[in-house]
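Since the structure comes first, as structure tokens, the remarks are kept for the end.
Please treat every number below as a calculation from the coordinates, not as lab data. Since this is a predicted model, take the numbers as computed values, not measurements. Cβ: placed from backbone, ideal geometry, glycine included. Neighbour counts: every protein chain shown.
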Amino acid sequence: MTPRRTTRGKGGRKVAALARGREVLQIERDALGALVRRLDSRFERAVQLIERCLGRVVVTGMGKPGLIGQKISATFSSLGIASLYLHPADAAHGDVGRVIGQDVVLALSHSGETDEILHLLPVLRRLGPKLIAITSNERSRLARAADVVLPTHVKVEASAWGLVPTASTTAMLALGDALAITLSDRRGFTSEDFAALHPGGALGKRLTLRVEDLMRTATDNPIVREKETVRQVLLKITRARAGSATVVGRAGKLTGIFTDGDLRRHAADPKVLAKPVASVMTRNPKTLPKGQMAVEALRILRAHRIDEIPIVDGRDRPVGLLDIQDLLKAGLV
């Protein structure tokens, strides 16, 4: 029998790892549940302060709350809410000069008595920004100095000694997310706005890349006539290093596509290479218009289990070819 894994708890006592893990998650879940139940009009006031802000949301915190503050600031920024993180120790050595009177400062401290944060308060009062405090201690000096207090109500941490920030930092992070998402919704922030701020991310690519950004053109896009032989078409496909050729009629409009699958289906015919490509091509293939989103091309390729799709203009003339490999290179797959 495999021995049950254990870890050391308070006073060296062994505890079951699985049970302890569940206990930690339960404590943090309970902290969030209490936060939901007790959220009140002060949250609305905090949202209003930031909505009226003509500057930025300056987030500060020391130690573990500081790390949470960095994430909150990054979330604000990613949602189009101007924000920066200010390390309180660096602030005491000149970085507080980044703060202006039109800013809103969001200060994180579980106890509300963090020395580095308290040392900032006189300077902040002089500079004039509004102050929002996220803390568990509503009677603390930080809370008393704040324009709005968002209490986390956390009384119990998950560590055996109650010293390691766990439930308290989880609650801070959740409150920061609640502020950021609420503000972005009220501002009408859209997925297109998000994509504009994340051009290098997967979501940004999905929301911005169109088929013409990725399609193969010119010599990389073999376009052949219906009367050309399969041998001639294969040579053009090989030169283009493509997986197919788009076939057009007399008016230059798309009439079909010739792929390696079409060749395999007629491989038993010894005369296939001499035949006109129109006799073996796939007629009326799936196509996409210019301007279509690349992610829609990916959906169609997957749904129909094909590897290439011609891109056509308003007159049904082929202008490009999109291969599944092009989408793969772009990071959409």
Lys/Arg +1, Asp/Glu -1 at C-beta; segment 6-189 dipole; positive extreme among ILE72, ALA92, LEU54 = ILE72
Treating the angle as unsigned and between 0 and 90°, give the value, to the nearest 10°, between the Cα long axis of helix 230-240 and the longest Cα principal axis of the chain.
-> 30
Of the listed peptides 223-230, 254-261, 302-309, what is their order by residue-averaged count of other C-beta atoms within 10 Å, with the highest listed first?
-> 254-261, 223-230, 302-309
What size of dipole, in debye to the nearest 20, comes out for segment 205-317 about its Cα centre when the only charges are +1 on Lys and Arg C-beta atoms and -1 on Asp and Glu C-beta atoms?
-> 80
Over all pairs of distinct alpha carbons, what does the Kirkwood formula give as the hydrodynamic radius of the chain, in Å?
-> 24.9
Per the rule of 0.36 nm per residue minus the C-alpha distance, extending LEU25 to THR182 adds in nm 54.0 nm
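Would you work out the relative contact order for segment 6-189, in percent, from Cα pairs under 8 angstrom that are 6 or more residues apart?
Value for segment 6-189: 24 percent.
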Could you tell me the largest-minus-smallest coordinate of the C-alpha atoms of segment 211-329 on each of the three principal axes, in descending order and whole angstroms?
-> 41, 28, 24
Provide the net charge surrounding ASP316, with neighbours chosen by a C-beta distance below 12 Å and charges set as Lys +1, Arg +1, Asp -1, Glu -1.
-> +3
Rounded to the nearest 10 degrees, what's the angle between the helix 167-186 long axis and the longest principal axis of the chain, both from Cα atoms, 0 to 90?
-> 60
So what is log10(I(q)/I(0)) for segment 281-332 at q = 0.22, 0.25, 0.32 1/Å, when the Debye sum runs over its Cα atoms only?
-> -0.80, -1.01, -1.41
Within-12-Å neighbourhood charge of VAL105 [Cβ basis; K, R +1; D, E -1] | +2
On a 0 to 90 degree scale, rounded to 10, what angle separates helix 41-51 from the longest Cα axis of the chain?
-> 60
With charges set only on the Cβ (+1 for Lys and Arg, -1 for Asp and Glu), what does the dipole of the chain come to about its Cα centre, in debye to the nearest 20?
-> 1000
Net charge near SER184, counting Lys/Arg +1 and Asp/Glu -1 over other residues with Cβ under 12 Å of its Cβ?
-> -2
